[in-house]
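One structure is given below, encoded as structure tokens.
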Amino acid sequence: MGGSFGETVLLVVLLVLMCAACDGSAEERGKSDNDIEPITTGQGEKEEDTSNQGGASVERVEVRTLATDLEVPWSFAFLPGGDALVTERDSGRLLRVSPSGDVQEIQTLPEGGSGEGGLLGVAVSPDYEDDRYIYAYYTTGVDNRVVRFRMGETPEPILTGIPSNTYHDGGRIKFGPDGMLYVSTGDAGDSENSQDRSSLGGKILRIEPDGSIPPDNPFPGNPVYSYGHRNVEGLAWDSEGRLYASEFGASTWDEVNRIEAGENYGWPAVEGRGGEDQGYVDPITVWPTSEASPSGAEIMVEGAIPQWEGDLFVAALRGERLWRLELNDSGEVVDREKLLDGEVGRVRDVIQAPDGSLWVSTSNHDSYASPVSEQDDRILRLAPAGE
């Protein structure tokens, strides 16, 4: 990525966390979890200089604890009105979390996973106000599958037979700007799945809201949209409708790829860059696996934090940070910045809320980590100071 991009935009990130050394309830301490005084943790660490974006205003960003005591909150999706649906991977609970931090259990879904399997992605129908459909991705005793249901009702499977294992289960589901449902899957520990277009493992899939196959998919009669993936857990679209995906590498390189219909992204023949000469698509950015293990992804559209508009955010598990990737008009990465670096433990998902803020979830109760706070696992909210 090299080169200088002018003067660095300095961003003061304020982090609100409960003091881990304090005992007793929030009430006993005389304040709620949501009005703890912020502490300054310094600036986000930038890898390169970047331009000042033509003098755009720079907001000071505050990080506030929104919800606490969760069990591996894996995915977000917002309902009309501003409440979020949140999945808990290991408990199978579907939660409703309000912008004020109130948490309500909606129902428990019949997942049967272990390890990295369980209740994973959630999505809300683009026509929710009319059809009331919620979509989820979870593990059963025989597969990973996508279901849809109305709140409180029995799930209806719409896509089954996705390979499952205790690791590499993929699981992100999101509706694209075209109204189709995109589904990320892992290779389920069998790398041959990724190059086999008759397998649903190691792919990004594209289906109609009812589970049928769109007639304009790249392979007729097949839900496969792209292939050659190891384990994709993040999907995001920019303002031009371009799709980006975050992907776990094996032992050397984690990736972000820009996804094109029908393309092959190289796994298991290639990890990271170097596959173009073999007919594969190279990632737009890579990290050593110690710096990422990338999970959820989001691109900030016009919102509350103007200096971040158009940027791609990637949650990092092993890296224990939120990555901010600055994209240019061509969809290339021109700068990277570490946010929440080492502050909150493993970061699982990130999403832009209807009010323009970013919501972030931690994953410190999964099998790869230990809680870093008495409040873990948490949902955090990043927004301009004072909002």
Carbon/sulfur fraction of accessible area - the chain, other protein chains in place, 1.4 Å, %: 42
The relative contact order of the chain, taking Cα pairs under 8 Å that sit 6 or more residues apart, comes to a percentage of 14
Treat every Asp and Glu Cβ in the chain as -1 and every Lys and Arg Cβ as +1, leave all other atoms uncharged, and give the resulting dipole magnitude about the Cα centre to the nearest 20 debye. 480
Run a plain Debye calculation on the chain (Cα atoms as equal point scatterers, no solvent) and give log10 I(q)/I(0) at q = 0.07, 0.09, 0.13 Å⁻¹, rounded to two decimals, same order as the q list. -0.29, -0.48, -1.04
Dipole size in debye (nearest 20) for region 51-190 around its Cα centre, Lys and Arg Cβ +1, Asp and Glu Cβ -1? 180
Using 0.36 nm per residue of separation minus the Cα-Cα distance, give me the extension gain between Asp190 and Gln278 in nm, one decimal. 29.5 nm
Quote the relative contact order of region 206-350 in percent (integer), defining contacts as alpha-carbon pairs under 8 Å separated by 6+ residues. 17
Debye intensity ratio in log₁₀ form over the Cα atoms of region 172-226, taken at each q of 0.17, 0.20, 0.23, 0.26 Å⁻¹: -0.49, -0.66, -0.84, -1.01
Over the chain, give the accessible area per residue in Å² for a 1.4 Å probe, as an integer. 38
Please report how far the C-alpha centroid of region 165-226 lies from that of region 327-341, rounded to the nearest whole angstrom. 26
Which net charge results when you count Lys and Arg as +1 and Asp and Glu as -1 among the other residues whose beta-carbon is under 10 Å from that of Arg96? -3
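The values are calculated or read from the model by the stated rules, or taken from the named source; none is laboratory data. Source: prediction; values computed, not measured. Here Cβ is always computed from backbone atoms with ideal geometry, including for glycine, and neighbour counts include all displayed protein chains. Accessible surface areas use protein heavy atoms only, side chains included; no ligands, DNA or RNA. Shrake-Rupley method; radii C 1.70, N 1.55, O 1.52, S 1.80 Å.
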